[in-house]
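What follows is one structure encoded as structure tokens, with my remarks underneath.
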Amino acid sequence: MKIKVNIYCMLIFLFFMSFPNIAFAQDSEESSVNKEISVDDIPSLVFTYWQHKSIMDARKTKGVVRAPTQSELDAMNNGDEFEPDAGTREIELGGILFTKEDSWIIWLNGQRVTPDAVPKEVLDLRVFKDYIEIKWLDDYTNQVFPIRIRTHQRFDMDSRIFLPG
């Protein structure tokens with residue numbers, strides 16, 4: 001009789017222990033069905049993180065973007081390695097005349113720059129009322145400097161510091 005009571009107690013114990021597992025399994029199934037997946041949650045399947053970040057940065061680029069010149073394309077295709085002149089190692093913004101987004105004049109390194117006349121070193125240029133955002137290609141080091149500069153400021157590319165007027 002004592003054995004029968006122990007067996008019944010064991011069966012009842014196992015019976016009640018099985019309920020939380022069933023309820024837990026149902027909760028997890030419902031949560032997986034109700035969970036929505038966003039495209040923003042999935043990283044790129046084709047590109048690495050840095051390639052994807054570069055592509056997204058390029059897509060967000062606005063402003064004046066200069067295409068490469070024919071001589072630059074020919075030099076890349078031929079594999080010519082040329083030593084560029086050190087040239088101007090500072091970027092100086094003399095002033096901004098801003099009327100609207102596509103109508104402005106700036107004085108960059110003493111030269112007048114308009115939306116139609118952008119220097120070859122400028123890869124991307126956005127002009128605002130108080131400052132400009134520029135991506136400057138330094139031919140000497142073959143580096144691109146993304147810079148936000150205000151009027152009467154200079155940027156020294158060698159020491160990478162901003163200097164007053």
Original post:
Across region 115-165, what is the total count of residues that are among the charged types (D, E, K, R) and under 20 Å from the mean Cα position of the chain (by Cα)?
Top reply: 5
**OP:** Can you tell me which residue within region 109-141, out of those that are in contact (Cβ under 8 Å) with a residue 40 or more places away in the chain and not in a strand (DSSP E or B), is farthest from Glu90 (Cα to Cα)?
**Re:** Pro115
Original post:
Which of the residues belonging to region 96-108 are part of a strand (DSSP E or B) and surrounded by 12 or more Cβ atoms within 10 Å (Cβ to Cβ)?
Top reply: Ile96, Leu97, Phe98, Trp104, Ile105, Ile106, Trp107, Leu108
**OP:** Give region 39-68 a look and list any residue that's farther than 30 Å from Asp116 by Cα, among the hydrophobic types (A, V, I, L, M, F, W, C) and at pLDDT 75 or above, or say none.
**Re:** Leu45, Val46, Phe47, Trp50
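The values are calculated or read from the model by the stated rules, or taken from the named source; none is laboratory data. Please read all numbers here as calculations on a predicted model, not as lab measurements. Neighbour counts run over all protein chains shown; Cβ positions are idealised from the backbone, glycine included.
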